[in-house]
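Have a look at the structure below, then the notes.
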Amino acid sequence: MAAPITGSAQAGGGGKTDGGTTIVLLLAFAVFFILGGVTNINDLLVGKFKPMFQLSHAEANLVQMAFFIAYALVSIPAGIVMSRLGYIRTFVLGFMMVAAAALLFVPASASASYGGFLAALFFIGAGITVLQVAMNPIITTLGPPETAHSRLTFAQAFNSIGVFLMVYGGATVLLGGETHFDAAGATPEAIKAYQVEQGASIGNAYFWLAVVMLGIAAVFWAFRRSLDHAKAEKAQVAGTLDLLKSNRRVQLGALGIFTYVGAEVAIGSNLIAYLGDQRTMGLGLEAAGKLVAYYWLGALLGRLAGGFILRLFKPGRVLTAFAAGAIGLIVLSAVSAGALSGWALVAVGLCNSLMFPTIFSLGTEGLGEQTPQGSGIMCTAIVGGAIIPVAFGLVADFSHDLRFALIVPAVCYLFIAAFGIWAVNNPSKARGEGSTGPVFE
């Protein structure tokens, strides 16, 4: 996922790296790996909390609202902070925020407080937003400008690998050893004891996350002067609302990001419940959680092929085709049963793979000097991950049918497909006749 506020270095690494900046670069790759997993492990928490606290689908999806609402509230302040502290110190601040938030999971687990877990998730999201502010710019800065693109691609690969491995492993750590508990016939004391027992694995996992974050923060602090030559641009806040009001491309692009992130998160968050349905695959929590990892693996595989695909075809056409594929798989899943139904929905992850970068680039294309403001608008629209999963849950609760609730992400993908068609029919004026384009128009 791209950074909420983009920036650039005024001195892009000087065309070489010394020992300090090389270590920082390697650490940055590790951060991409870890943060991808930390962000998407929320899917497992939704599946864990639902039976643990006897929640409705909408209530369980408050996990994603608590986390993703931070993108709307923290993105612009984080950009201002980075312009004053610089890249390395912003990273250290972000690590400290994530570590402090992770430690909040310990008392929340001990008291079995769902509200406490949600508060901790909000602060986790805030810390990750701060880290993502400096993520792409710092990768660009650490090394020769001519190899910046390859470094960013390599870092994104680390992100996707981290998602798959941490979600797959997290299914065992967080969801393993499940026990059937009849809350209807239990006393309040027994229910609380069950919740505390189930929450222990969450508290332990996030305690060790805090330790890792503090360790990385300490190493970054030790190399805090490695990028003193590179100055972060000041956050461009002025004119952002005017751009949003006046530019149709930015408006549609922001809605595209909103609907894409919302649809992707809504499916991922509810996959455990969907795969556990007897009409689908009837899986237990751990087994279903491991299939959620394959949902995100599909995104990795699609990104590996994405560079080649986008060289051959117009981005708008690719976007429409992938969105249509997602709709087709959702329909197949909804009308079928058993393994076919489950794997069809898991395969939507492959269709998601190219959507974020394609929507992002189409929405900010041709903005010139207003690109930072446009980027800020696009990434603030990530807040769709807070809104649409809850809407999915409300529809599921109202209809008493997760399959019927699939209409929510299907409508989102329908808009994305329409945006792709619009982009093909309304090319950016910035594309000159001499520019390099796709082979197939």
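Read-outs: derived from the displayed coordinates by stated rules, not from any lab. All of these numbers come straight from a predicted model, not from anything done at the bench. Virtual Cβ from ideal backbone geometry, glycine too; neighbours counted across all protein chains shown.
Of note:
- Footprinting exposure proxy ranking of Leu271, Leu340, fewest other C-beta atoms within 10 angstrom first, gives Leu340, Leu271.
- FRET efficiency, 1/(1 + (r/R0)^6) with R0 22 Å, evaluated for Phe313 and Ala30 via beta carbons: 0.05
- 5 angstrom amide H check on Phe313, placed H, neighbours 5+ away: Val439, Phe440
- In order along region 83-99, the Karplus-derived 3J(HN,Hα) couplings, from 6.51 cos²θ - 1.76 cosθ + 1.60 at θ = phi - 60°, round to 5, 9, 8, x, 5, 5, 5, 5, 4, 4, 4, x, 4, 5, 5, 5, 4 Hz, and Gly and Pro are given as x.
- Sorting the segments 331-339, 65-73, 254-262 by their mean number of nearby beta carbons within 10 angstrom, highest to lowest, gives 254-262, 65-73, 331-339.
- Computed label-point distance, nm, for sites Ser246 and Ala200 using a 7 Å Cα→Cβ extension: 6.2 nm
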